Amino acid sequence: MSVEALSILNKLNSDAASTAENQILSSIDTTLISQMDEYAKIDPTFSKMYKKFVSIISPLSFEYTDGWIQARQEFFECETYFNFYPRIILNKIKESSSKSPDFKFVFNKSDYYLECKSLSWESPSSTLKETQEESFENKIRLEAASSSAPGVYSVSQSISPYDLSKDNYPYWLKPICVLLDKLNNNLKKGQLNQENTILFVDLGILTFAEKPTDSIKPFVTSREKDRIWNGTLWTLCNGIENQIVFGAGNDFSRENNIARLRYNGVFQDFQNIKAVIFRCLWDKYMHNLVAIVRDKEYETKDILEFLNIKCNFSSNNTIY
């Protein structure tokens, strides 16, 4: 077990490097995997979770299939357990026919629940596969160019987590609206019925227009102060169905930059959720953990103390 996951992923990454990149595969940190391989030897609870992750990736190739979506979700749960230890001991809730959160833990003598959700690209079967195919074609172009004449060559790679072939939302509102759709499709009432639930959302392979620390604000302004738009993460938590939202584009036409939300934000429909933590990718290699606290919970010391274990700073109604 000590090298099983690492050896599998190293082989898959080697195959992808010589052929075509898989965005989900490359998002799994092999340095962390090496540490997890060792930790699985000494923690029976973690070992059981980790074996499930290994069983999912074992039959996969570097080529994108829907199995990679499940692999990312299982990795996120393992990563969460591993990163919170030893300050927070997460107890994995046994899976059953009835819906329940992923973890239960005790903090300051109170019971809390943690639900983990990893969100993937819009229409992943097409968008992730198309990106991988483009990566393969670029490698062929580079090899052909370098073999014909010496020199330094480069190609451009388009990476779009949002399906631009779908005319479902204005261009600049894609991140807010698509992510809100995904959350509503992934969240189950039974999983979030417990008091003191914290939702942990992995956006590690998704991007949006603003920094995560700006995105938790109701509105974001451009550097030149000539544009204002709705903060993506704040809207995912606090948006209201049919609310008008504005995008980050400099095209102020209604067609490209204004839309109405089709769903409520998380806090509107799930009253037991006390806070939402977002794991966001920023500057390609750096992940930020930012969180938004339900207004009435902001004065609750335990919630803030727990979030400050992993999140960086606090302000009047957010932790980031």
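One table, with the values for the structure above:
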{"read-out": "From E79, E74, E21, residue being in a loop (DSSP other than H, G, I, E, B) and closer than 26 Å to L206 by Cβ", "value": "E21"}
{"read-out": "Close pairs from the range 202-218: first farther than 12 Å from I292 by Cα, partner open to solvent by 40 Å² or more (accessible area, probe 1.4 Å) and modelled with pLDDT of 80 or more, Cβ under 6 Å, at least 6 apart", "value": "none"}
{"read-out": "Of all residues in the range 72-117 being of a type in the set (S, T, Y) and out of contact with any Ser or Thr (no Cβ under 8 Å at 6 or more places or on another chain), the one that is farthest from K48 (Cα to Cα)", "value": "S110"}
{"read-out": "Residue in the range 194-201 that is out of contact with any strand residue (DSSP E or B) (no Cβ under 6 Å at 6 or more places or on another chain) and open to solvent by less than 10 Å² (accessible area, probe 1.4 Å) present", "value": "no"}
{"read-out": "Members of the range 219-233 found to be among the hydroxyl-bearing types (S, T, Y) and touching a residue at least 24 places away in the same chain (Cβ under 8 Å), listed by number", "value": "S222, T232"}
{"read-out": "Among the residues listed as E38, E63, E21, E74, the single one being among the charged types (D, E, K, R) and closer than 30 Å to K109 by Cα", "value": "E74"}
{"read-out": "Failed criterion for F219 (all others in (1) open to solvent by 70 Å² or more (accessible area, probe 1.4 Å); (2) modelled with pLDDT under 80 hold)", "value": "(2)"}
{"read-out": "Odd one out for K52, checked against (1) part of a loop (DSSP other than H, G, I, E, B); (2) open to solvent by 40 Å² or more (accessible area, probe 1.4 Å)", "value": "(1)"}
{"read-out": "Hey, W229 under 23 Å from Y162 (Cβ atoms), assigned to a helix (DSSP H, G or I) and of a type outside the set (S, T, N, Q) or not", "value": "no"}
{"read-out": "Matching residues, the range 177-193, being open to solvent by 10 Å² or more (accessible area, probe 1.4 Å) and in contact (Cβ under 8 Å) with a residue 40 or more places away in the chain", "value": "D181, K182, N184, N186, L187, K188, K189, G190, Q191, N193"}
{"read-out": "Those residues of the range 83-109 which are touching an Asp or Glu at 6+ places or on another chain (Cβ under 7 Å) and surrounded by fewer than 14 Cβ atoms within 10 Å (Cβ to Cβ), in sequence order", "value": "N108"}
{"read-out": "Considering residues of the range 275-295 that are open to solvent by 30 Å² or more (accessible area, probe 1.4 Å) and closer than 20 Å to G231 by Cβ only, the residue modelled with the lowest pLDDT", "value": "M286"}
{"read-out": "Selection status of I303, among the β-branched types (V, I, T), at pLDDT 80 or above and in a helix (DSSP H, G or I)", "value": "yes"}
{"read-out": "Only one of S18, S26, S47, S61 that is of a type outside the set (A, V, I, L, M), in contact with an Asp or Glu (Cβ under 9 Å, 6 or more places away or on another chain) and farther than 30 Å from I303 by Cβ", "value": "S61"}
{"read-out": "From the options L114, L32, L9, residue that is within 30 Å of E195 (Cα to Cα), at pLDDT 90 or above and among the aliphatic types (A, V, I, L, M)", "value": "L114"}
{"read-out": "Residue check for F62: outside any helix (DSSP H, G or I) and crowded, with 20+ Cβ neighbours inside 10 Å", "value": "yes"}
{"read-out": "Scope the range 248-274; condition among the small types (G, A, S) and at pLDDT 85 or above; matching residues", "value": "A259, G265"}
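The values are calculated or read from the model by the stated rules, or taken from the named source; none is laboratory data. Bear in mind the structure is a predicted one, so any value in this text is a computation, not a measurement. Virtual Cβ from ideal backbone geometry, glycine too; neighbours counted across all protein chains shown. With ligands, DNA and RNA removed, areas are computed over all heavy atoms of the protein, side chains included. Shrake-Rupley method; radii C 1.70, N 1.55, O 1.52, S 1.80 Å.
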